[in-house]
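Participant: Quick one: this structure, given as structure tokens, is what I'll be asking you about.
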Amino acid sequence: MSAAFDEKIHETLTDPKLQLAIYKATGRLVEERRKSIEPDVCPDYQELRTHAHAIKRHTIEHLDHYLEEFTRQVEAHGGQVIFSKDAEEASDFVLSLAKERRAHLIVKSKSMTTEEIDLSERLEHHQLESVETDLGEYIIQLAHERPYHIVAPALHKTREQVADLLTERLGVPRETVIEKQTMIARAVLREKFLAADIGISGANFLVADSGTVVIVENEGNARLTTSAPRIHIAVAGIEKLIPRAQDLAVFLKLLGRSATGQRLTVYTSFLSGPKRGDEIDGPDEFYVVLLDNGRTKLLADRGKRQSLYCIRCGACLNHCPVYRKIGGHSFPWVYSGPIGAILIPQFLGVRHEPGLPFASSLCGACAEVCPVKIDIPRILLELRSEVKKAEAREGAGRLERLAFRIWAWVMRHPRIYEMAGMAAASLAPSESAGWVRHAPFNVGPLRAWLSQRDLPPPAAKSFRQLWRER
Ligand code: SF4
């Protein structure tokens, strides 16, 4: 584990206000999800998960086909598809279009994909004003932070903190009532919508058979982002494809429930190209930027490619005992929680933050709640093994490997194992848990390892001894 990761975790664990904010917010989401999938409310919930997994598996295995079909359909409706291999290519396209159209102001709706490529920062670097219009995203943009959670980006902020932020950044009177804070943001953002030259959104789904970008949201800001400005650009990962419009029936039922416990989100927008001749609303120009940024690398690995099935519902974060303690900003990239722990090593390399695949108790809650049945614990185990292999190649972790080799040897020799057990029993104090921290071998590199682990005191007599005696 890197020192930065360790430090962030420590900061979060020692901040009681933050601990309470994370615990309450994720707890609320867990409870809402639980109620929304009760058998009397959603009797086919497990079948929907199985179905969603099958659709995603089929799509990812035939991704080339569906990418072509989607592109054909978008173009047939007057839009344009741009394939970007990385963050730079995607932002270069947006920048050159903005320059050509003399754009100055860009409004954005919530999108983890644009967070992934730091699009706002890149645009601002080129003197373009880029404004987040989702309330949570707007708050964290004002705070110059990155999202804390993939569904609730400002989950860690209390209303008092938001009140201070709005006063400091917008010069408005301090207001702690959430509805009034929303009205303050709304007044600012409404002006931005009306003046914006370009609207940038993400996409929850890309429907191949109709070339449709589907966006779900609760605030209506995505609908304004994609219809008020003259130009709409949707930036989406290539894994967002689904084959047919009728598949949406499965995913829309799962996404709202898994994310916020809603049967359906408040707004579901279906966007297929620029406005037609007889339409009043909609953009004149419509672009879909399809982002690779490491995704095709994942396709090559049959075991781990299911990481691309993720529909970014956030349920695995809310249910993860580790995320609920260490929070979102401990993670070294925009994706956090269990899905972050498997995506980051695969996108950025296992050595980027070697502690990530180990930031899990392997309790399995993530796999149990995942609406598309991604086997996160199994992928974590594979990634752990890759971290250890990479360390071995670099000559790191020698001591740990030696210790486990000795352990394996002892386990294969019952007589030695028994003698080691008897020796440990005679040396260890019998009275209490926590003895291991006062043991004479709790020094040097073992100290850090043992600081987070405990062992019950060895029994006075081993099982074998008791067996023989009886
Ligand atoms: S891995 Fe599954 S539970 Fe986690 S965000 Fe993705 S779809 Fe949701």
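FYI, it's all coordinate maths here, none of it is from the lab. All values reported here derive from a predicted model rather than from experimental measurement. Don't worry about glycine lacking a Cβ; one is built from the backbone with ideal geometry, like all the others, and counts go over all protein chains shown.
Participant: Could you list which residues have their amide H under 5 Å from that of CYS310, counting only those 5 or more apart in sequence or on another chain, with H placed in the peptide plane?
Facilitator: none
Participant: Given that compact globular proteins tend to follow 2.2 N^0.38 Å, what is the ratio of the alpha-carbon Rg of segment 398-469 to that value?
Facilitator: Cα Rg divided by the expected 2.2 N^0.38 Å: 1.21.
Participant: Might you list the cysteines of the chain that have no disulfide-compatible partner by the rule of another cysteine's Cβ under 4.7 Å?
Facilitator: That list is CYS42, CYS310, CYS313, CYS320, CYS363, CYS370.
Participant: Here's a follow-up. Can you give me the angle between helix 63-76 and the longest principal axis of the chain, using Cα atoms only, in degrees from 0 to 90, rounded to the nearest 10?
Facilitator: Taking Cα atoms only, the helix is inclined about 20 degrees.
Participant: So who's got an amide H within less than 5 Å of the one on VAL131, skipping anything under 5 residues away but keeping other chains? H placed 1.01 Å off N, in plane.
Facilitator: Distant-sequence amide H within range of VAL131: ILE106, VAL107, LYS108.
Participant: Something else now. Please determine, in degrees from 0 to 90 and to the nearest 10, the orientation of helix 376-393 with respect to the longest principal axis defined by the Cα atoms of the chain, where the helix direction is its Cα long axis.
Facilitator: In the chain, helix 376-393 runs at an angle near 70 degrees to the longest axis.
Participant: To continue, here is another question. List the residues whose amide H sits under 5 Å from the amide H of GLN262, counting only those 5 or more places along or on another chain, with H placed 1.01 Å from N in the peptide plane.
Facilitator: Those qualifying (amide H under 5 Å, at least 5 residues apart or on another chain) are ARG257.
Participant: Of LYS192/LYS275; LYS253/LYS297; LYS297/LYS373; LYS108/LYS275, which pairs sit farther than 26 Å apart, going by alpha carbon to alpha carbon?
Facilitator: Over 26 Å Cα-Cα: LYS253/LYS297.
Participant: From the square roots a ≥ b ≥ c of the eigenvalues of the alpha-carbon gyration tensor of segment 1-155, which class results: rounded (a/c under 1.5), prolate (a/b over b/c), or oblate?
Facilitator: It comes out oblate by the Cα gyration axes.
Participant: Nothing charged except the Cβ atoms of Lys and Arg (+1) and of Asp and Glu (-1): what's the magnitude of the dipole of the chain about its Cα centre? Round to the nearest 20 debye.
Facilitator: 2100 debye
Participant: Less than 14 Å Cβ to Cβ from PHE93, Lys/Arg counted +1 and Asp/Glu -1: what total charge do the surrounding residues give?
Facilitator: Around PHE93, the charge tally is -3.
Participant: Just want the answer: with Cβ charges of +1 for Lys and Arg and -1 for Asp and Glu, which residue in MET422, PRO457, MET411 is farthest toward the dipole's positive end in segment 398-469?
Facilitator: MET411
Participant: Please list, in order along segment 81-88, the HN-Hα scalar couplings obtained from phi with the Karplus expression 6.51 cos²θ - 1.76 cosθ + 1.60 (θ = phi - 60°), rounded to whole Hz, x for Gly and Pro.
Facilitator: 10, 10, 8, 10, 7, 8, 4, 5
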